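> Here you go, one structure.
The values are calculated or read from the model by the stated rules, or taken from the named source; none is laboratory data. None of the values given here were measured: they were computed from a predicted structure. A quick note on method: Cβ atoms are made from the backbone with ideal geometry, for glycine too, and the neighbour counts reach across all protein chains shown. The accessibility values were calculated without ligands, DNA or RNA, using every heavy atom of the protein model including side chains. Shrake-Rupley method; radii C 1.70, N 1.55, O 1.52, S 1.80 Å.
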Amino acid sequence: MNKFLSILLAATVTLVVPVAGLVTATPAFAALPSFDFTELVEKTSPAVVNIRTTEKISVNQDGNADEEMQELFKRFFGIPMPQQGPGGAAPTPRKRVPAKPAPGATEEEVPRGVGSGFIVSQDGYVLTNAHVVDGADEVYVKLTDKREFKAKVIGIDKRTDVAVVKIEGTKLPWLAIGDSDKIKAGEWVIAIGSPFDLDNSVSAGIVSAKSRDTGDFLNLIQTDVAVNPGNSGGPLINMRGEVVGINSQIYSRSGGFMGISFAVPIDEAMRVVDQLRSTGKVSRSRIGIKLSEVPKDVAESFGLSKGQGAFISMVEPGLPADKAGIVAGDIVLEFNGQPVTKWTELSRIVANTKPGTKSAVTLWSKGKTRTVTLVTGEMEQDKPTKTAKEKEAEVESNLLGLNVINLTDDQKRDLKVTAGVIVDNVDGSAARAGLQPGDLITQLNNNDIKDVKQFNALVAKLDPKKVAVVLVRRGDSSQFVPLRPTPAN
(Lines give C-alpha, C1' and ligand atoms only; values in the text may rest on other atoms or scores of the structure.)
Protein backbone atom coordinates (compact mmCIF):
# COMPACT_ATOMS: atom_id res chain seq x y z
CA MET A 1 0.00 0.00 0.00
CA ASN A 2 2.84 2.42 0.80
CA LYS A 3 4.41 1.62 -2.57
CA PHE A 4 1.11 2.38 -4.29
CA LEU A 5 0.83 5.79 -2.61
CA SER A 6 4.37 6.82 -3.43
CA ILE A 7 3.86 5.94 -7.10
CA LEU A 8 0.62 7.92 -7.25
CA LEU A 9 2.19 11.05 -5.76
CA ALA A 10 5.10 10.82 -8.17
CA ALA A 11 2.66 10.76 -11.11
CA THR A 12 4.56 8.13 -13.06
CA VAL A 13 3.41 6.91 -16.43
CA THR A 14 2.13 3.60 -15.06
CA LEU A 15 0.78 2.40 -11.75
CA VAL A 16 1.91 -0.94 -10.37
CA VAL A 17 -1.05 -2.53 -8.60
CA PRO A 18 -0.57 -5.86 -6.80
CA VAL A 19 -3.55 -8.16 -7.40
CA ALA A 20 -3.55 -11.63 -5.85
CA GLY A 21 0.21 -11.91 -6.11
CA LEU A 22 0.34 -10.68 -9.70
CA VAL A 23 1.78 -7.37 -10.92
CA THR A 24 -0.38 -5.61 -13.48
CA ALA A 25 0.47 -2.42 -15.36
CA THR A 26 -2.38 0.11 -15.41
CA PRO A 27 -2.45 3.38 -17.40
CA ALA A 28 -1.92 6.40 -15.13
CA PHE A 29 -3.43 9.87 -15.26
CA ALA A 30 -0.70 11.47 -17.32
CA ALA A 31 -2.20 14.93 -16.72
CA LEU A 32 -1.71 14.91 -12.95
CA PRO A 33 -0.28 18.32 -11.94
CA SER A 34 3.24 18.66 -10.62
CA PHE A 35 2.09 20.86 -7.70
CA ASP A 36 5.04 23.19 -8.34
CA PHE A 37 3.94 26.83 -8.31
CA THR A 38 7.37 28.34 -7.70
CA GLU A 39 7.82 30.00 -11.10
CA LEU A 40 4.27 31.33 -11.01
CA VAL A 41 4.78 32.84 -7.55
CA GLU A 42 8.16 34.34 -8.48
CA LYS A 43 6.57 35.95 -11.51
CA THR A 44 3.48 37.41 -9.83
CA SER A 45 4.23 38.06 -6.15
CA PRO A 46 6.24 41.31 -6.62
CA ALA A 47 3.05 43.06 -7.78
CA VAL A 48 1.01 41.92 -4.76
CA VAL A 49 0.98 44.48 -1.97
CA ASN A 50 0.19 44.72 1.71
CA ILE A 51 -2.33 47.44 2.55
CA ARG A 52 -2.59 48.86 6.03
CA THR A 53 -4.99 51.57 7.09
CA THR A 54 -4.89 53.91 10.04
CA GLU A 55 -7.06 56.40 11.85
CA LYS A 56 -6.08 59.40 13.92
CA ILE A 57 -7.16 59.62 17.52
CA SER A 58 -6.21 61.66 20.54
CA VAL A 59 -5.64 60.43 24.06
CA ASN A 60 -8.00 61.99 26.57
CA GLN A 61 -5.73 63.18 29.34
CA ASP A 62 -8.35 63.95 31.95
CA GLY A 63 -9.68 60.40 32.38
CA ASN A 64 -13.03 61.78 33.52
CA ALA A 65 -15.21 58.87 32.45
CA ASP A 66 -18.58 58.88 34.15
CA GLU A 67 -18.29 55.49 35.83
CA GLU A 68 -21.74 55.56 37.42
CA MET A 69 -23.40 56.12 34.05
CA GLN A 70 -21.31 53.36 32.47
CA GLU A 71 -22.30 50.94 35.20
CA LEU A 72 -25.97 51.87 34.79
CA PHE A 73 -25.82 51.29 31.05
CA LYS A 74 -23.91 48.05 31.59
CA ARG A 75 -26.54 46.64 33.93
CA PHE A 76 -29.44 47.53 31.68
CA PHE A 77 -28.09 46.81 28.19
CA GLY A 78 -25.40 44.26 29.05
CA ILE A 79 -22.49 46.41 27.89
CA PRO A 80 -19.22 45.23 29.48
CA MET A 81 -17.08 47.66 31.42
CA PRO A 82 -13.80 48.74 29.78
CA GLN A 83 -11.19 45.99 29.60
CA GLN A 84 -8.32 46.31 32.02
CA GLY A 85 -4.80 46.85 30.85
CA PRO A 86 -1.58 45.27 32.14
CA GLY A 87 -1.41 45.03 35.92
CA GLY A 88 -5.16 45.58 36.28
CA ALA A 89 -5.04 49.27 35.30
CA ALA A 90 -7.80 50.56 33.07
CA PRO A 91 -6.59 51.81 29.70
CA THR A 92 -6.57 55.53 29.08
CA PRO A 93 -9.93 56.60 27.60
CA ARG A 94 -9.60 57.64 23.98
CA LYS A 95 -11.74 59.78 21.75
CA ARG A 96 -11.81 60.82 18.12
CA VAL A 97 -9.48 63.66 17.15
CA PRO A 98 -11.46 66.89 16.93
CA ALA A 99 -10.84 69.36 14.14
CA LYS A 100 -9.34 71.59 16.84
CA PRO A 101 -7.74 69.24 19.41
CA ALA A 102 -8.26 70.14 23.05
CA PRO A 103 -5.24 71.58 24.87
CA GLY A 104 -3.00 68.80 26.15
CA ALA A 105 -4.50 66.12 23.85
CA THR A 106 -1.91 63.83 22.29
CA GLU A 107 -2.56 62.96 18.66
CA GLU A 108 -1.83 59.41 17.60
CA GLU A 109 -2.10 57.55 14.32
CA VAL A 110 -3.19 54.03 15.21
CA PRO A 111 -3.69 50.87 13.11
CA ARG A 112 -7.19 50.36 11.78
CA GLY A 113 -6.92 47.28 9.58
CA VAL A 114 -4.76 45.21 7.24
CA GLY A 115 -5.58 43.84 3.81
CA SER A 116 -4.08 43.03 0.45
CA GLY A 117 -4.07 44.44 -3.05
CA PHE A 118 -2.26 44.26 -6.37
CA ILE A 119 -0.80 46.73 -8.85
CA VAL A 120 -2.44 46.71 -12.29
CA SER A 121 -0.50 49.42 -14.10
CA GLN A 122 3.02 50.85 -14.22
CA ASP A 123 1.70 54.24 -13.17
CA GLY A 124 0.66 52.89 -9.77
CA TYR A 125 -3.02 52.00 -9.78
CA VAL A 126 -3.78 49.37 -7.13
CA LEU A 127 -6.93 47.26 -6.80
CA THR A 128 -8.29 46.04 -3.48
CA ASN A 129 -11.60 45.51 -1.69
CA ALA A 130 -13.76 48.46 -0.73
CA HIS A 131 -14.06 47.20 2.84
CA VAL A 132 -10.26 47.30 3.22
CA VAL A 133 -9.93 51.07 2.74
CA ASP A 134 -13.42 52.48 3.31
CA GLY A 135 -13.48 54.96 6.19
CA ALA A 136 -9.71 55.03 6.74
CA ASP A 137 -7.91 58.28 7.52
CA GLU A 138 -4.70 57.10 5.83
CA VAL A 139 -3.86 54.19 3.49
CA TYR A 140 -0.34 52.76 3.15
CA VAL A 141 0.83 50.34 0.46
CA LYS A 142 3.91 48.18 0.99
CA LEU A 143 5.66 46.21 -1.76
CA THR A 144 7.69 43.03 -1.42
CA ASP A 145 10.88 45.05 -2.01
CA LYS A 146 10.07 46.86 1.29
CA ARG A 147 9.12 50.16 -0.36
CA GLU A 148 6.09 51.77 1.29
CA PHE A 149 3.88 54.52 -0.13
CA LYS A 150 1.07 56.63 1.21
CA ALA A 151 -1.82 55.95 -1.18
CA LYS A 152 -4.62 58.13 -2.47
CA VAL A 153 -8.09 56.55 -2.60
CA ILE A 154 -9.39 57.10 -6.14
CA GLY A 155 -12.80 55.51 -5.68
CA ILE A 156 -14.80 52.95 -3.71
CA ASP A 157 -17.76 50.85 -4.82
CA LYS A 158 -19.38 49.11 -1.86
CA ARG A 159 -21.90 47.22 -3.96
CA THR A 160 -19.19 45.14 -5.65
CA ASP A 161 -16.60 45.55 -2.86
CA VAL A 162 -14.05 47.01 -5.28
CA ALA A 163 -11.74 49.96 -4.61
CA VAL A 164 -8.96 51.71 -6.52
CA VAL A 165 -6.04 53.45 -4.82
CA LYS A 166 -3.05 55.20 -6.39
CA ILE A 167 0.62 55.29 -5.42
CA GLU A 168 3.45 57.34 -6.93
CA GLY A 169 6.58 55.32 -7.60
CA THR A 170 9.04 54.19 -10.24
CA LYS A 171 9.75 50.75 -11.68
CA LEU A 172 6.55 49.36 -10.24
CA PRO A 173 5.69 45.71 -11.00
CA TRP A 174 2.17 44.98 -12.21
CA LEU A 175 -0.08 42.02 -12.93
CA ALA A 176 -1.73 41.08 -16.20
CA ILE A 177 -5.52 40.98 -16.24
CA GLY A 178 -7.06 37.67 -17.35
CA ASP A 179 -10.52 36.66 -18.55
CA SER A 180 -12.70 35.40 -15.71
CA ASP A 181 -15.36 34.26 -18.18
CA LYS A 182 -12.99 31.60 -19.47
CA ILE A 183 -12.10 29.96 -16.17
CA LYS A 184 -13.49 26.50 -15.55
CA ALA A 185 -14.49 24.59 -12.47
CA GLY A 186 -11.60 22.33 -11.51
CA GLU A 187 -8.76 24.50 -12.81
CA TRP A 188 -5.90 25.43 -10.52
CA VAL A 189 -5.57 28.93 -9.10
CA ILE A 190 -3.47 30.58 -6.39
CA ALA A 191 -4.07 33.41 -3.94
CA ILE A 192 -1.37 35.75 -2.67
CA GLY A 193 -1.97 38.16 0.18
CA SER A 194 -1.38 39.07 3.80
CA PRO A 195 -3.49 36.74 5.98
CA PHE A 196 -3.16 37.81 9.61
CA ASP A 197 -0.63 40.41 8.37
CA LEU A 198 1.77 37.72 7.10
CA ASP A 199 3.00 39.44 3.93
CA ASN A 200 3.08 37.64 0.58
CA SER A 201 1.60 34.36 1.77
CA VAL A 202 0.69 31.94 -1.02
CA SER A 203 -2.14 29.39 -1.03
CA ALA A 204 -3.39 27.20 -3.86
CA GLY A 205 -6.54 25.32 -4.80
CA ILE A 206 -9.07 24.89 -7.55
CA VAL A 207 -12.07 26.78 -8.85
CA SER A 208 -14.99 25.07 -7.15
CA ALA A 209 -17.75 26.81 -9.09
CA LYS A 210 -18.42 29.79 -11.31
CA SER A 211 -21.20 32.32 -11.05
CA ARG A 212 -22.19 31.73 -7.45
CA ASP A 213 -25.27 33.84 -6.88
CA THR A 214 -24.07 35.41 -3.63
CA GLY A 215 -23.70 39.06 -4.59
CA ASP A 216 -26.40 41.63 -5.33
CA PHE A 217 -24.70 43.07 -8.38
CA LEU A 218 -22.38 40.30 -9.56
CA ASN A 219 -21.87 36.57 -9.39
CA LEU A 220 -18.80 35.40 -7.51
CA ILE A 221 -16.13 32.78 -8.17
CA GLN A 222 -16.05 30.02 -5.55
CA THR A 223 -12.74 28.33 -4.79
CA ASP A 224 -11.24 26.11 -2.11
CA VAL A 225 -8.13 28.30 -1.88
CA ALA A 226 -7.27 29.08 1.74
CA VAL A 227 -8.26 32.71 2.35
CA ASN A 228 -8.21 34.30 5.80
CA PRO A 229 -8.55 37.79 7.34
CA GLY A 230 -5.94 39.96 5.64
CA ASN A 231 -6.28 38.21 2.26
CA SER A 232 -9.11 40.57 1.34
CA GLY A 233 -8.30 42.51 -1.81
CA GLY A 234 -5.54 40.18 -2.97
CA PRO A 235 -5.48 38.58 -6.42
CA LEU A 236 -6.80 35.20 -7.51
CA ILE A 237 -4.32 34.12 -10.19
CA ASN A 238 -4.60 31.45 -12.88
CA MET A 239 -1.75 29.20 -14.03
CA ARG A 240 -0.81 31.70 -16.77
CA GLY A 241 -0.05 34.36 -14.17
CA GLU A 242 -3.17 36.41 -14.91
CA VAL A 243 -5.56 37.87 -12.36
CA VAL A 244 -9.01 36.30 -12.67
CA GLY A 245 -10.53 37.57 -9.44
CA ILE A 246 -10.21 39.69 -6.30
CA ASN A 247 -10.41 37.62 -3.12
CA SER A 248 -13.27 39.09 -1.14
CA GLN A 249 -15.24 36.74 1.10
CA ILE A 250 -15.16 33.44 2.93
CA TYR A 251 -17.88 31.18 4.21
CA SER A 252 -17.13 30.61 7.86
CA ARG A 253 -18.79 29.73 11.13
CA SER A 254 -15.61 30.39 13.08
CA GLY A 255 -14.21 33.53 11.45
CA GLY A 256 -11.44 31.52 9.79
CA PHE A 257 -11.15 29.54 6.57
CA MET A 258 -13.47 26.53 6.25
CA GLY A 259 -12.79 25.41 2.69
CA ILE A 260 -14.95 27.89 0.79
CA SER A 261 -13.85 31.31 -0.42
CA PHE A 262 -15.22 33.76 -2.96
CA ALA A 263 -13.63 36.18 -5.40
CA VAL A 264 -15.01 39.07 -7.43
CA PRO A 265 -14.64 38.13 -11.14
CA ILE A 266 -11.98 40.39 -12.64
CA ASP A 267 -14.10 41.12 -15.74
CA GLU A 268 -16.82 42.63 -13.55
CA ALA A 269 -14.26 44.36 -11.32
CA MET A 270 -12.56 46.07 -14.27
CA ARG A 271 -15.88 47.55 -15.44
CA VAL A 272 -16.16 49.13 -12.02
CA VAL A 273 -12.49 50.16 -12.04
CA ASP A 274 -12.86 51.97 -15.35
CA GLN A 275 -15.64 54.15 -13.92
CA LEU A 276 -13.83 54.74 -10.64
CA ARG A 277 -10.69 55.86 -12.46
CA SER A 278 -12.56 58.22 -14.77
CA THR A 279 -15.19 59.70 -12.42
CA GLY A 280 -14.48 58.39 -8.92
CA LYS A 281 -17.92 56.75 -8.74
CA VAL A 282 -20.01 54.03 -10.40
CA SER A 283 -23.29 54.87 -12.11
CA ARG A 284 -26.00 52.22 -12.21
CA SER A 285 -29.56 52.11 -13.44
CA ARG A 286 -32.75 51.36 -11.59
CA ILE A 287 -36.34 51.09 -12.75
CA GLY A 288 -38.20 50.97 -9.42
CA ILE A 289 -39.33 47.39 -8.87
CA LYS A 290 -38.97 44.73 -6.17
CA LEU A 291 -38.44 41.17 -7.33
CA SER A 292 -38.88 37.60 -6.18
CA GLU A 293 -38.50 34.10 -7.57
CA VAL A 294 -41.03 32.47 -9.89
CA PRO A 295 -41.69 29.00 -8.40
CA LYS A 296 -42.29 26.21 -10.88
CA ASP A 297 -45.85 25.51 -9.70
CA VAL A 298 -46.72 29.21 -9.94
CA ALA A 299 -45.17 29.40 -13.42
CA GLU A 300 -47.32 26.50 -14.58
CA SER A 301 -50.46 28.15 -13.23
CA PHE A 302 -49.52 31.29 -15.17
CA GLY A 303 -49.09 29.29 -18.37
CA LEU A 304 -45.28 29.33 -18.42
CA SER A 305 -43.44 26.12 -19.23
CA LYS A 306 -40.91 26.54 -16.42
CA GLY A 307 -39.98 28.75 -13.48
CA GLN A 308 -38.20 31.44 -15.48
CA GLY A 309 -38.01 35.18 -15.27
CA ALA A 310 -38.37 37.56 -12.33
CA PHE A 311 -41.67 38.06 -10.53
CA ILE A 312 -42.47 41.70 -9.78
CA SER A 313 -43.79 41.94 -6.23
CA MET A 314 -43.93 45.74 -6.05
CA VAL A 315 -43.66 48.74 -8.36
CA GLU A 316 -42.54 52.09 -6.92
CA PRO A 317 -44.83 54.95 -7.95
CA GLY A 318 -43.47 57.53 -10.34
CA LEU A 319 -40.36 55.57 -11.37
CA PRO A 320 -39.57 54.17 -14.86
CA ALA A 321 -41.35 50.81 -14.46
CA ASP A 322 -44.52 52.49 -13.19
CA LYS A 323 -44.45 55.05 -16.00
CA ALA A 324 -44.10 52.23 -18.55
CA GLY A 325 -47.21 50.47 -17.26
CA ILE A 326 -45.50 47.59 -15.48
CA VAL A 327 -47.57 46.34 -12.54
CA ALA A 328 -47.10 43.98 -9.59
CA GLY A 329 -47.72 40.41 -10.73
CA ASP A 330 -45.97 40.83 -14.08
CA ILE A 331 -43.03 38.52 -14.81
CA VAL A 332 -39.99 39.93 -16.62
CA LEU A 333 -38.72 37.50 -19.27
CA GLU A 334 -36.20 39.73 -21.08
CA PHE A 335 -34.53 43.09 -20.58
CA ASN A 336 -33.00 44.72 -23.64
CA GLY A 337 -32.88 41.36 -25.40
CA GLN A 338 -31.14 39.58 -22.52
CA PRO A 339 -33.12 36.56 -21.26
CA VAL A 340 -33.84 36.51 -17.52
CA THR A 341 -33.35 32.84 -16.62
CA LYS A 342 -33.09 33.49 -12.87
CA TRP A 343 -34.83 36.28 -11.00
CA THR A 344 -31.59 37.45 -9.38
CA GLU A 345 -30.12 38.19 -12.81
CA LEU A 346 -32.49 41.04 -13.54
CA SER A 347 -31.11 43.37 -10.86
CA ARG A 348 -27.60 42.94 -12.28
CA ILE A 349 -28.75 43.39 -15.88
CA VAL A 350 -30.58 46.61 -15.02
CA ALA A 351 -27.76 47.91 -12.82
CA ASN A 352 -25.18 47.36 -15.57
CA THR A 353 -27.27 49.40 -18.01
CA LYS A 354 -26.19 53.00 -18.43
CA PRO A 355 -28.65 55.40 -16.74
CA GLY A 356 -30.92 57.12 -19.24
CA THR A 357 -30.92 54.16 -21.63
CA LYS A 358 -34.11 53.47 -23.59
CA SER A 359 -34.81 49.81 -22.81
CA ALA A 360 -37.29 47.19 -24.02
CA VAL A 361 -38.81 44.94 -21.35
CA THR A 362 -40.57 41.71 -22.31
CA LEU A 363 -43.20 40.67 -19.77
CA TRP A 364 -45.49 37.74 -19.13
CA SER A 365 -48.71 39.42 -18.09
CA LYS A 366 -52.13 37.81 -17.65
CA GLY A 367 -51.29 34.73 -19.68
CA LYS A 368 -49.52 36.38 -22.61
CA THR A 369 -46.37 38.28 -23.48
CA ARG A 370 -46.17 42.00 -23.97
CA THR A 371 -43.28 44.40 -24.46
CA VAL A 372 -42.97 47.87 -22.99
CA THR A 373 -40.31 50.52 -23.38
CA LEU A 374 -38.86 52.59 -20.55
CA VAL A 375 -35.94 54.91 -19.87
CA THR A 376 -33.80 53.73 -16.96
CA GLY A 377 -33.25 56.00 -13.99
CA GLU A 378 -30.06 56.34 -11.94
CA MET A 379 -29.48 54.46 -8.72
CA GLU A 380 -28.58 56.52 -5.68
CA GLN A 381 -24.85 56.59 -5.02
CA ASP A 382 -23.37 54.83 -2.00
CA LYS A 383 -22.08 57.26 0.59
CA PRO A 384 -18.48 56.51 1.60
CA THR A 385 -17.99 55.75 5.27
CA LYS A 386 -16.88 58.88 7.07
CA THR A 387 -13.33 58.98 8.37
CA ALA A 388 -12.64 59.53 12.04
CA LYS A 389 -11.86 63.18 11.34
CA GLU A 390 -15.07 63.72 9.39
CA LYS A 391 -17.20 62.11 12.08
CA GLU A 392 -15.54 64.14 14.81
CA ALA A 393 -16.02 67.36 12.88
CA GLU A 394 -19.76 66.68 12.84
CA VAL A 395 -20.03 66.16 16.59
CA GLU A 396 -17.37 68.45 18.05
CA SER A 397 -19.81 71.28 18.78
CA ASN A 398 -22.54 68.98 20.10
CA LEU A 399 -22.86 69.29 23.86
CA LEU A 400 -23.74 65.61 24.19
CA GLY A 401 -21.23 64.25 21.66
CA LEU A 402 -24.02 62.78 19.53
CA ASN A 403 -24.30 62.76 15.76
CA VAL A 404 -27.70 61.42 14.70
CA ILE A 405 -29.50 60.63 11.46
CA ASN A 406 -33.16 60.42 10.51
CA LEU A 407 -35.00 57.10 10.40
CA THR A 408 -35.73 55.65 6.98
CA ASP A 409 -39.22 54.39 6.16
CA ASP A 410 -37.93 50.81 6.37
CA GLN A 411 -36.45 51.44 9.82
CA LYS A 412 -39.69 52.99 11.05
CA ARG A 413 -41.57 49.92 9.85
CA ASP A 414 -39.08 47.45 11.32
CA LEU A 415 -38.86 49.26 14.67
CA LYS A 416 -42.60 49.98 14.71
CA VAL A 417 -42.10 53.67 15.46
CA THR A 418 -43.11 56.87 13.70
CA ALA A 419 -40.38 59.20 14.97
CA GLY A 420 -36.98 59.34 16.64
CA VAL A 421 -33.37 59.52 15.48
CA ILE A 422 -30.63 56.91 15.05
CA VAL A 423 -27.19 57.42 16.61
CA ASP A 424 -24.59 57.58 13.83
CA ASN A 425 -21.49 58.52 15.83
CA VAL A 426 -20.70 59.10 19.49
CA ASP A 427 -18.11 61.02 21.47
CA GLY A 428 -17.68 62.84 24.75
CA SER A 429 -20.46 62.40 27.28
CA ALA A 430 -22.47 60.03 25.09
CA ALA A 431 -19.46 57.76 24.52
CA ARG A 432 -18.63 57.70 28.22
CA ALA A 433 -22.20 56.74 29.05
CA GLY A 434 -22.03 53.79 26.64
CA LEU A 435 -24.24 54.93 23.77
CA GLN A 436 -23.45 53.22 20.48
CA PRO A 437 -24.09 53.79 16.77
CA GLY A 438 -27.44 52.22 15.94
CA ASP A 439 -29.16 53.19 19.20
CA LEU A 440 -32.57 54.82 18.81
CA ILE A 441 -33.23 58.07 20.70
CA THR A 442 -36.92 58.85 21.19
CA GLN A 443 -36.85 61.56 23.88
CA LEU A 444 -34.61 64.32 25.20
CA ASN A 445 -35.60 65.87 28.54
CA ASN A 446 -39.18 64.59 28.11
CA ASN A 447 -39.45 66.06 24.61
CA ASP A 448 -40.49 63.53 21.98
CA ILE A 449 -37.90 63.52 19.19
CA LYS A 450 -39.29 63.87 15.68
CA ASP A 451 -36.19 64.30 13.51
CA VAL A 452 -32.55 65.40 13.39
CA LYS A 453 -33.30 69.08 12.99
CA GLN A 454 -35.46 69.19 16.13
CA PHE A 455 -33.00 67.07 18.14
CA ASN A 456 -30.02 69.28 17.29
CA ALA A 457 -32.05 72.40 18.13
CA LEU A 458 -32.91 70.99 21.57
CA VAL A 459 -29.28 70.00 22.21
CA ALA A 460 -28.07 73.48 21.28
CA LYS A 461 -30.31 74.98 23.99
CA LEU A 462 -29.13 72.68 26.81
CA ASP A 463 -27.73 74.22 29.96
CA PRO A 464 -24.16 72.89 30.36
CA LYS A 465 -24.60 72.98 34.12
CA LYS A 466 -27.57 70.60 34.13
CA VAL A 467 -27.73 66.89 33.36
CA ALA A 468 -29.72 66.03 30.24
CA VAL A 469 -31.73 62.80 30.04
CA VAL A 470 -32.26 60.88 26.80
CA LEU A 471 -34.58 57.90 26.28
CA VAL A 472 -32.52 55.29 24.42
CA ARG A 473 -33.83 52.14 22.80
CA ARG A 474 -31.56 49.24 21.92
CA GLY A 475 -33.22 46.14 20.58
CA ASP A 476 -36.48 45.69 22.47
CA SER A 477 -35.31 47.53 25.61
CA SER A 478 -35.51 51.24 26.43
CA GLN A 479 -33.75 53.16 29.19
CA PHE A 480 -33.44 56.74 30.37
CA VAL A 481 -29.74 57.69 30.31
CA PRO A 482 -28.37 60.83 32.02
CA LEU A 483 -25.74 62.75 30.06
CA ARG A 484 -23.62 65.64 31.28
CA PRO A 485 -23.32 68.27 28.53
CA THR A 486 -19.74 69.17 27.70
CA PRO A 487 -19.15 72.58 26.08
CA ALA A 488 -17.05 72.58 22.90
CA ASN A 489 -13.42 73.61 23.33
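> Exactly one of these conditions fails for Ser203: (1) in contact (Cβ under 8 Å) with a residue 60 or more places away in the chain; (2) in a strand (DSSP E or B); (3) open to solvent by 10 Å² or more (accessible area, probe 1.4 Å); (4) closer than 20 Å to Glu242 by Cβ. Give me its number.
Condition not satisfied by Ser203: (1).
> Please name all residue pairs, on different chains or six or more residues apart, with Cβ atoms under 9 Å, provided the first residue is in region 406-422 and is closer than 19 Å to Gln436 by Cβ and open to solvent by 70 Å² or more (accessible area, probe 1.4 Å) and the second residue is part of a helix (DSSP H, G or I) and not acidic (Asp, Glu).
Going by the 9 Å Cβ cut-off, the qualifying pairs are Asn406/Val452; Asn406/Lys453.
> Let me ask something else about it. List the residue pairs whose Cβ atoms are under 7 Å apart, where the first residue sits in region 425-453 and is over 16 Å from Gly401 (Cα atoms) and open to solvent by less than 60 Å² (accessible area, probe 1.4 Å), the second is at pLDDT 90 or above and of a type in the set (Phe, Trp, Tyr), and the two are 6 or more positions apart or on different chains.
Ile449/Phe455
> Just give me the residues in region 427-449 being farther than 14 Å from Leu399 by Cβ, in contact with a Gly (Cβ under 9 Å, 6 or more places away or on another chain) and among the polar types (S, T, N, Q), in sequence order.
Thr442, Gln443
> What is the residue count in region 206-229 for residues that are open to solvent by 50 Å² or more (accessible area, probe 1.4 Å), more than 17 Å from Gly113 (Cα to Cα) and in a loop (DSSP other than H, G, I, E, B)?
Qualifying residue count, region 206-229: 4.
> Are there any strands (runs of 3 or more DSSP E) wholly within region 298-387 with 3 or more residues that are open to solvent by less than 50 Å² (accessible area, probe 1.4 Å), and if so which?
Per the criteria, 310-315, 331-335, 358-365.
> Which one of these is in a helix (DSSP H, G or I), basic (Lys, Arg) and modelled with pLDDT of 85 or more: Lys465, Lys453, Lys391?
Lys453
> Of the residues that make up region 109-129, is at least one touching a His at 6+ places or on another chain (Cβ under 9 Å) and at pLDDT 85 or above?
Checked region 109-129: at least one residue is touching a His at 6+ places or on another chain (Cβ under 9 Å) and at pLDDT 85 or above.
> May I ask you to list the residues in region 411-425 that are outside any loop (DSSP other than H, G, I, E, B) and either modelled with pLDDT of 85 or more or under 11 Å from Arg473 (Cα atoms) (or both)?
Gln411, Lys412, Leu415, Val421, Ile422, Val423, Asp424
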